[in-house]
Every structure is written in structure tokens, then in C-alpha cells.
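Quick note: the coordinates plus some simple rules give every number you see, no bench work behind them. Worth saying up front: this structure is predicted, and the values here are computed from it rather than measured. Cβ coordinates were reconstructed from backbone atoms using ideal geometry, including for glycine residues, and neighbour counts include every protein chain displayed.
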Amino acid sequence: MKVFGYLKSYWLAVTTALLLLVIQARCDLSLPNLTSKIVDIGIMQGGVEEAVPNKIRVNSMQSLELFMTDAQIKQVERNYQKTSDGKIYRLTLAKNDSSSDLAKIFELPMLMVTKLASSKDTTKNLKSFATGFQLGKITKEQLLAMRKDAQKKLGNLASSSLKQVGVQFVRAEYKALDVDTKKIQNTYMLQMAKKMIFLTLLSATSSMLVAMIASFVAASVARNLRVQQFNKTLQFSNAEMNQFSQASLITRNTNDIQQIQMGLVMIIRLVLYAPILGLGGIYEVHNTKTGMSWIVGVAIGIVMMVVMILMSMTMPKFKSLQKLVDRVNLISREILTGLSVIRAFSREKVEEERFDVANTNLMKTQLFVNRAMAFMMPILMLLMNGIAALIIWVGAHGMNQGHMQVGDMMAFITYTMMIIMAFMIFSMISIILPRANVAAGRVDEVLAVETSIIDKAGVLDSEKEFKGEVKFEGVTFHFPDADEDVLHHINFVAKPGETTALIGSTGSGKTTIVNLIPRLYDVTGGRITIDGVDIRDLSLHKLHELMGFVPQKGILFSGNIASNIKFGDADVSDEDMKKAAEIAQATEFINQNKEGFERVIAQAGDNVSGGQKQRLSIARAIAKKPKILIFDDSFSALDNKTDVALRKALTTRIKEATMIIVAQKISTILHAEKIIVLDRGRVVDSGTHEELMKTNKTYQEIAHSQLSNSELGTAE
């Protein structure tokens with residue numbers, strides 16, 4: 001039902017497809033009936049549909065009237081007129097009469113006349129009865145008594161046999177009148193052929209239109225789901241991202257949605273069609289009145305049993321299949337990303353085995369599902385052939401007893417196969433739809449996640465012209481799944497035009513603090529303000545517009561150097577781009593390549609070094625001219641010479657921005673206006689380098705571990 005739910009927005013297209021499927025089913029269900037008519041009427045009866053002659057000799061009509069009641073004679077004479085020569089009757093069907101009514105009147109007299117005409121007993125043949133009636137030796141009551149006696153003797157003789165005798169009488173009458181019976185047969189066959197061609201073309205056209213609608217709807221739903229899931233993912237904070245692995249999100253946005261798309265196509269083309277075809281086939285089988293409807297019930301019961309067994313076996317596997325795909329994608333991503341590390345530690349064999357385990361588990365599950373499908377098809381084909389054999393066996397007895405004709409049995413077989421095919425469609429769908437349903441559940445998991453960091457209803461974006469003063473006021477924080485705070489009552493102010501540095505041992509909370517400013521996480525206590533405005537009162541767009549953020553690991557995007565530097569703002573001019581690259585000390589390596597700023601950057605920046613990647617990331621942040629610049633240990637891959645030149649350029653050329661630097665190296669922050677020392681999530685001291693060297697042991701320990709006494713003396 002999750003998959004069906006996606007069709008609500010496309011109800012008009014689905015309704016149109018449903019109407020076309022009804023037309024297609026009606027055409028498909030009409031063809032077996034036409035085939036039956038071609039066999040029974042076109043071939044067996046020579047094109048004569050009923051025991052009602054269009055022309056008949058007067059003496060033949062008189063012979064038939066011998067064995068009709070007065071009311072029947074009046075009804076027949078009302079529908080026939082003599083020709084001008086008085087030798088032939090022509091059919092002129094009266095307004096309130098039908099040919100089927102006349103056929104019921106003619107059939108028994110035609111049987112009696114045929115038998116009497118072929119009798120070798122001259123005292124009891126047709127001629128003697130006709131002469132006796134004319135001479136008054138035989139009364140009408142006697143003739144009707146003979147009719148009644150003949151009707152009793154017929155006993156179990158079916159109406160189809162009676163009809164066949166009447167049709168043969170009509171054909172014999174046509175031959176006696178020199179009517180071209182071959183032309184009658186050919187005309188009838190041609191009419192049936194035209195109908196069959198028309199219905200086939202109509203069915204094919206309907207099928208193609210349904211396929212087009214199904215493809216359009218499924219592709220549209222898949223496109224919308226990808227957009228929704230992608231947009232939702234872009235809104236995720238780090239807290240939501242931790243709920244799903246990157247590999248899982250990629251699988252959900254590609255493979256899972258592809259399964260949904262395939263399921264929707266199957267729903268529109270097959271799931272909606274199968275019940276129409278099945279119910280229509282059951283109705284047509286009922287109309288054949290062959291007495292073999294019980295065979296259809298047996299067939300449906302067996303098919304349903306096979307499908308139920310199949311579903312109970314495969315459903316658990318479908319639920320685990322997508323998770324196994326996730327696992328393979330996750331391991332593949334880890335191996336490809338860490339290939340250099342794997343080679344460096346000679347872990348190729350171990351990683352191959354880890355991948356092989358995940359891949360083998362996926363293969364086994366897929367094989368189970370495919371084998372179940374492969375096992376089902378022979379069973380259903382055996383069932384279809386067995387049912388066909390049963391119909392022929394029962395139908396042969398029916399034909400022998402005169403209950404049905406060859407065409408009737410052929411039509412019954414075809415209708416039964418259609419009914420079984422409808423249930424076979426359901427059985428095939430039972431393989432595809434459960435997987436699509438599992439995929440839909442996984443996509444819904446992502447879409448149903450409530451984003452913890454969102455814009456307020458009334459934001460204060462236009463409240464003032466922001467300068468960029470960042471203030472932490474009693475900020476505490478703990479991760480969503482943690483019970484203990486990792487930050488405890490953090491208080492400090494970072495002012496415009498100044499550099500504020502954060503330093504401390506690993507795990508002291510430096511990166512966590514700078515992640516709170518762009519709201520990658522939200523504070524759990526206290527608040528962070530920019531120029532006195534709580535950052536939660538700003539829209540995320542406005543907040544991110546105010547800052548340039550350089551993460552620990554430089555991240556580049558496929559394109560070129562220019563597109564990466566201009567990534568933060570499409571309106572960045574070439575002049576500003578070059579200026580940003582110059583401040584970031586990236587101009588030297590950019591100009592070394594003849595392509596310059598047009599140099600191609602591979603995916604994730606794999607064709608540049610770590611230091612070059614960091615410098616381009618810094619240039620990207622500077623180029624957008626933010627009010628707040630945040631460097632999260634962004635100078636770690638730079639050599640000392642480049643580090644010094646970069647810090648000098650930042651100090652002299654970017655004077656109005658608030659700079660917040662997370663650093664592991666003392667040398668990076670020696671000249672910062674304010675250095676905040678962190679330890680276990682707490683601010684233990686703050687001040688300039690000179691002040692902290694005199695007052696804070698933690699800072700002194702870090703400084704002495706990195707710099708020599710002479711370097712520190714020089715710094716002092």
C-alpha cells in the first residue's frame with residue numbers, strides 16, 4: 001500500500017490507464033469468442049449462424065409447418081413473404097420477432113423433416129405424411145402428437161446438436177436453390193477476420209498507451225522522490241546524518257527508488273489489469289455454459305496456494321535484501337576511499353575477504369529469490385498444461401454427448417488460460433512488489449525524519465546590518481545519543497577585526513564549538529549570538545551567508561579551480577577570486593599549470609595535494625567576503641613558510657572579519673588577539689600568547705611540547 005500511495009497525485013493518469021485497461025481486456029476477452037464462432041459457425045456450419053433460412057422453397061416450408069403449432073405457423077408466416085412467382089419464401093423479420101425465436105421454432109421440425117425425408121419406409125416417410133395430411137387421412141393433432149413423441153425421444157440430446165441438424169437443413173435448402181454457399185461462408189469468415197483485426201489493433205493501442213502512462217507516472221514519482229529525499233538530506237544536521245550511513249542514503253536515493261519505479265510500472269500495467277482480465281474471464285466462462293466452471297475453481301485454488309507458499313518464503317528475504325545492498329555499498333566505499341591506507345598496511349587480503357563475505361551474503365539472498373521465481377514458473381506452466389488437458393478430456397465427453405461444440409471448448413480453454421494468467425501475473429508481482437514495498441519503507445524512513453535544526457516561523461534576518469561579533473553565553477552541549485555534556489558553560493566573545501583562537505588537547509571540544517556556530521548542531525543549553533541576535537532567530541540561509549567555513553578536511557568538488565573558489569557565491573568576480581587565491585597562498589601552484597584557474601579538479605579533489613586542497617578551501621571561504629571566518633584546524637597540511645605567509649595575509653588584508661581559528665599548532669595562533677584554552681569541554685583560561693605563557697600550565701605544556709625555548713623566547 002506504500003507503493004500504491006505514490007499514485008494519489010496522479011489519479012487522473014491512473015484513471016485513464018484503468019479505462020484503457022478495461023478496453024484492452026474487453027478486446028482480449030472478445031477474441032476467443034470470435035475464434036469459437038470461426039470454428040463452429042464459419043467452418044463447421046459453413047457460415048450459417050442459425051437454423052433460420054433467408055430463403056426457403058414453399059414446399060419445404062409446408063413440410064416444416066406440418067410439425068408446428070398454429071401459433072408457430074402464424075409467427076413464421078409473419079416473418080416470411082412469398083416471391084412474385086410464388087415458389088420461394090424470403091425472410092422479412094418482423095419488428096417484435098428475432099431470429100433466435102424463429103430458430104427455436106424451426107429446429108425440431110427440421111430434425112423431423114430430415115429424418116422422415118431419409119426414411120426408406122414409404123408408408124412412414126415425409127411424402128406419405130404430407131399426402132395423408134392433404135387428403136385428410138392424417139390430422140394436425142396426430143402430427144403434433146408425433147412432434148411431442150419425437151421431443152421425448154430426444155431425451156438428453158443437447159440443443160447444440162439440434163441446432164446443427166437445423167443448420168444442415170438450411171444449407172441443403174440453399175444448395176437446392178442454387179445459392180452460393182461458399183460465398184456465404186467466405187463472407188462470414190471475412191466479417192469475423194475484420195472484427196478480430198480491429199479488436200487486436202485496439203487492444204495493442206490501449207496496451208501501448210497504458211505503457212506510456214505507466215512509464216510517465218513511474219518516472220515522475222521516482223524523480224519527485226529523489227528530489228524530496230535529496231532536499232531532505234540537505235536539510236539534515238549532523239545529528240540526522242548520524243542516523244544513516246552515506247552508503248545507505250545513496251542506495252535509498254538510487255536503487256530503492258528504482259525498485260519503487262519498477263513496482264509502479266508493474267502496478268499500472270499488470271496489477272490493475274490482472275483482476276479485470278481474471279473477473280472478465282470468469283464471466284465469459286460462466287456464459288459458455290459448458291458445465292466445466294469447476295475446473296476454473298480448481299485452477300485458481302492451486303495457483304493461490306502456490307503464491308501464498310511463495311510469499312511466505314520470500315518476504316523475509318526481501319526485507320533483508322536492501323540492507324545487504326547497503327552493506328556492500330558501504331564496504332565498497334570504505335575500501336575505495338581508504339585504498340592507499342589499505343595498501344600501506346598490506347590489508348588487501350583482509351579487505352577482499354570482508355567484501356567477499358558481504359557480497360556472498362547478497363548473492364545467496366538474490367539466488368534464493370531468483371530460484372523461488374524459477375521454481376514457480378515451471379509449476380504454473382505445468383498447471384496450465386494440466387488444466388488444458390483436463391478441459392479437453394471433459395470437453396470431449398461433452399461433445400460426444402452433444403453438449404458443446406469444438407469452438408466452445410477452444411474458447412473455454414482460452415478463457416481458462418486467461419484466468420490462470422491473471423493469477424500468474426499476481427504471482428510474478430508477488431516477487432517484485434514486496435521488494436518495492438520494502439524500498440518504499442526505506443525511502444519513507446528518510447522523508448519521515450524530523451529535521452532538528454530548522455528556521456523559526458519569524459526570523460530576524462533584516463533586523464540589522466551585521467558586523468559579525470560572535471558571543472557564547474553559558475553554552476552547554478551533548479550529542480543526541482549521549483547522556484553527558486561534552487561542553488560545559490562556554491563563555492567567550494569573538495570580535496570583528498580580531499582573531500580568536502581555540503586550542504586544547506584532542507577531545508577538548510574545539511571542533512564541537514565551531515560546529516555550533518553554523519548550527520551543524522544546536523546548543524542544548526545557553527545561546528550563541530551574532531551582534532546580540534540569537535543564531536536560532538536567524539534563517540539558516542542568512543546565518544550561513546554571514547560566514548565562511550573551512551573544515552578540518554578540505555573538500556573540493558568536480559569542476560575546475562575557478563568553480564571551486566566561486567562555490568560559495570556565484571556572483572564572485574574574477575578579480576575577487578584571484579584576490580582570495582592570493583591571500584590563501586594558492587596563486588603559486590595555480591599559475592604553475594598552463595590552464596591556471598581552468599585546471600580541472602577531479603571528484604573530491606583527488607588530483608591535488610592535501611596542502612593545495614586546504615588552500616583552495618580557504619580561498620573559497622575568503623572569496624565570498626564573509627563577516628565571520630571559521631578555520632577548523634585548516635592549516636594542518638601547510639608547511640611553516642606557507643602557514644606564516646597565509647596568516648600574515650589574513651591579518652593585513654582581511655581586517656573587518658571576525659576570525660575564529662581552531663589550531664593544534666601554537667605557531668599558527670601566536671599573534672591571535674585572544675587565545676581560548678580548552679580542557680575536557682571547559683574554558684580553563686583565555687588571553688594572549690604572552691599572558692597564557694605566564695599564567696596557564698595547560699597552555700605552557702602545549703607550547704613546550706611544540707616549540708623550543710629559543711622559539712618561545714623569540715615569540716615572547
Cα shape, the stretch 35-188, gyration tensor, a/c 1.5 rule: prolate
³J(HN,Hα) computed for each position of the stretch 75-83 - Karplus, 6.51 cos²θ - 1.76 cosθ + 1.60, integer Hz, glycine/proline x: 5, 5, 5, 5, 9, 10, 10, 6, 6
Cα-derived Rg over Rh, computed across the stretch 613-670 with Rh taken as Kirkwood radius: 0.91
Amide proton proximity set for Asp685, modelled H, under 5 Å, gap of 5+: Val677
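Take every DSSP beta bridge with both residues inside the stretch 566-689 and express the antiparallel ones as a percent of the total, to the nearest 5. Mind dumping the intermediate values first?
Numbers: 5 of 10 bridges.
Antiparallel bridges make up about 50 percent of those DSSP assigns within the stretch 566-689.
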Förster-model FRET efficiency, 30 Å R0, Leu135 and Asp85, C-beta, rounded to 0.05: 0.65
C-alpha long axis of helix 293-337 to longest principal axis of the chain, angle in °: 20
Inter-label distance, nm, simple model (7 Å from Cα along the C-beta direction), Arg333/Ser119: 9.6
Asn640-Thr511 FRET efficiency (beta carbon distance; Förster radius 22 Å; 0.05 resolution): 0.45
Three-way shape call for the stretch 554-624 based on the alpha-carbon gyration tensor, with the a/c threshold at 1.5: rounded
Distance between the stretch 167-224 and the stretch 12-33 - C-alpha centres, whole angstrom: 15
Relative packing of 220-230, 539-549, which averages over residues the other C-beta atoms within 10 Å, highest first: 539-549, 220-230
Peptide ranges 184-190, 64-70 listed from the most packed, as the mean C-beta count within 10 angstrom indicates: 64-70, 184-190
Long-range lysine pairs (8 or more apart or interchain), the stretch 177-299, Cα under 22 Å: 4
Local electrostatic count, Ile276, Cβ distance below 15 Å [Lys/Arg +1, Asp/Glu -1]: 0
Two-site label geometry, Leu12 and Ile454: point separation in nm, points 7 Å out along Cα→Cβ: 3.0
Over 22 Å (Cα to Cα) - which of Lys627/Lys697; Lys323/Lys364; Lys456/Lys553; Lys495/Lys625; Lys471/Lys674 fall in this group: Lys627/Lys697; Lys456/Lys553
Potential lengthening between Lys153 and Gln235 on full extension [0.36 nm per residue; Cα-Cα distance subtracted]: 20.7 nm
Efficiency of FRET between Lys464 and Val493 - r from beta-carbon atoms, R0 30 angstrom, step 0.05: 0.95
Computed label-point distance, nm, for sites Glu484 and Lys648 using a 7 Å Cα→Cβ extension: 4.5
Given (1) 1.31; (2) 0.95; (3) 0.99, the label whose value is Rg/Rh (Cα atoms, Kirkwood Rh) derived from this model: (1)
Length gained when the stretch Ala388-Gln62 is fully extended (0.36 nm per residue, less Cα-Cα span): 112.7 nm
